[in-house]
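Okay, structure first, notes after.
Just so you know, all these numbers are worked out from the coordinates, no wet-lab data involved. Keep in mind it's a predicted model, so treat the numbers as computed, not measured. Here the Cβ positions follow ideal geometry from the backbone for every residue, glycine too, while neighbour counts run over all protein chains shown.
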Amino acid sequence: MMMSRSAVHPVEVPAEIAAPPRMRMKDIQGMPGTAGGLFLRLFQFAFSLISLCVMATTTDFPSVSAFCYLVAAVSLQSLWSLLLAIADIYALLVKRSFRNTGLVSLFAIGDGITSTVTFTAACASAGITVLIGNDLDKCAVNHCKRFMSATAMAFLSWFTASPSFFLNFWSLASR
């Protein structure tokens, strides 16, 4: 009777498979160091600068503290946006994106502070503008159109600063 014998075949030990390199998340437009981020920064800068110039050309803005606060807030916003626009231009020129956690933390905190300050100043100025225009009916004496324009530009500056903050915060949280 023929019985089959078990044959032992040597099995090669598989080489240890190296873990694939960690892939970084693709940069989303609007994050620091991208073209979308640069455009957001430039729009922030333009809107805050327009708001600053319109408010500063009125002669009676120092008489209302909310308008002085608006001038200070959009000044801060324009300086911050200009500095980060320069950083974004540099990152685009050297074809690098911002991956340093400390730097992204600084961007997120700075964006959060400047966008909050700009929003509160725009809200305060809008309240005073409504008071002057609608409640007191003194637009003939004051520069209501200029105040409204400066307030609208401050809101637009905040509206473009908010995505920058959220994208910086998200890129920081996703690390």
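Once both labels are modelled 7 Å past Cα along the beta-carbon direction, what's the Ile28-Leu79 spacing in nm?
About 3.1 nm, to one decimal.
Which value, in debye to the nearest 20, gives the size of the charge dipole of the chain about its Cα centre, when Lys and Arg are +1 and Asp and Glu are -1 at the Cβ?
The dipole magnitude comes to about 480 debye.
With contacts defined as alpha carbon pairs under 8 Å and 6 or more residues apart, what's the relative contact order of the chain in percent?
33
Can you list residues from other chains, or at least 5 along the same chain, whose modelled amide H is less than 5 Å from the amide H of Met31?
HN-HN under 5 Å from Met31: Gly37.
In nm, to one decimal, how far is the Tyr90 label point from the Thr58 one, both placed 7 Å along Cα→Cβ?
Calculated label separation equals 3.7 nm.
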